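First the structure, in the form of structure tokens, and then the observations on it.
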Amino acid sequence: MDLIFPRCCEACDRSLVGNEESICTSCRISLPRIERESIHTDSLKYKFVNTPEVLSVQAFLLFTKKGKVQNLLHALKYRGNQDVGILLGYIFGQEMMAGQTLPNAELIISVPLHKRKLSKRGYNQSDLLAEGFSKATGIPWTGTVLIRNRYTTTQTGKNKIERQENVMGVFEVNGKVKQKSVIIIDDVLTTGATLEACVEALKIAGCEEFHIVTIAVAQH
Ligand SMILES: [Zn+2]
């Protein structure tokens, strides 16, 4: 099959060999981990300074324009490679387990897409990340507790205040989260406005403790 459809690494475009899947071994090792990129994790936590119920914020990779992480996220979001999402979630979960940085939580909740966007893409990339992360950590995940009840315009090009206004009241909770400690998982952390809106909705439903996990951080 490789002769007809040569499989390439979604990060560097080199041909995959042996049992490599979606990401080559070299990229898997060298992808720019946040802790190697001298980004202080406190700076991630600071994005949630107004939400003290957010106990920890962890991100896996540094997103740079035209870099390997962008290639991976494009494969996941625009080229339909769902395996990349499961794999990235799985690797991050594994590394957290190995580094003993896995938050103490009972449930993983993915950030939902609006149903219009979901039917256009066919899947929610955050669900795939949650699935992989859950597989590695053993913490159950759900993609149905949070509901996005309003279609929002893109957050790109908006500042934090504009982003907060854009996503205010967008999420609703449908499920039992009372007194729970949860991990909310998403693909990219920018200002944190969308994740903060998720936290606010879950807080109203009685959820008490939050940990944020994202696959990438975009610095801006
Ligand atoms: Zn590669």
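The values are calculated or read from the model by the stated rules, or taken from the named source; none is laboratory data. Here the structure is a predicted model, which means the values were calculated and not measured. Because the Cβ atoms are built from the backbone with ideal geometry, glycine has one as well, and the counts that use them run over all protein chains shown. Note: accessible area is taken over every heavy atom of the protein model, side chains too, but ligands, DNA and RNA are not part of it. Shrake-Rupley method; radii C 1.70, N 1.55, O 1.52, S 1.80 Å.
Laid out as a table, the results:
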item	result
Residues of the range 83-99 classified as open to solvent by less than 70 Å² (accessible area, probe 1.4 Å) and either of a type in the set (A, V, I, L, M) or touching a Leu at 6+ places or on another chain (Cβ under 7 Å) (or both), total	8
Selected residue (only one of ASP83, ASP13 is part of a helix (DSSP H, G or I), over 25 Å from GLU200 (Cβ atoms), touching a residue at least 40 places away in the same chain (Cβ under 8 Å) and within 16 Å of the ligand (Cβ to nearest atom))	ASP83
Qualifying residue in the range 16-34 (condition: open to solvent by less than 50 Å² (accessible area, probe 1.4 Å), more than 10 Å from the ligand (Cβ to nearest atom) and either more than 20 Å from TYR90 (Cα to Cα) or charged (D, E, K, R) (or both))	yes
Which listed residue is exposed (fewer than 15 other Cβ atoms within 10 Å of the Cβ) and polar (S, T, N, Q), from THR137, THR144, THR152	THR144
Residues of the range 109-123 satisfying the condition of being at pLDDT 95 or above and surrounded by fewer than 19 Cβ atoms within 10 Å (Cβ to Cβ)	GLY122, TYR123
Within the range 190-220, considering residues that are in a loop (DSSP other than H, G, I, E, B) and among the polar types (S, T, N, Q), the one surrounded by the fewest Cβ atoms within 10 Å (Cβ to Cβ)	GLN219
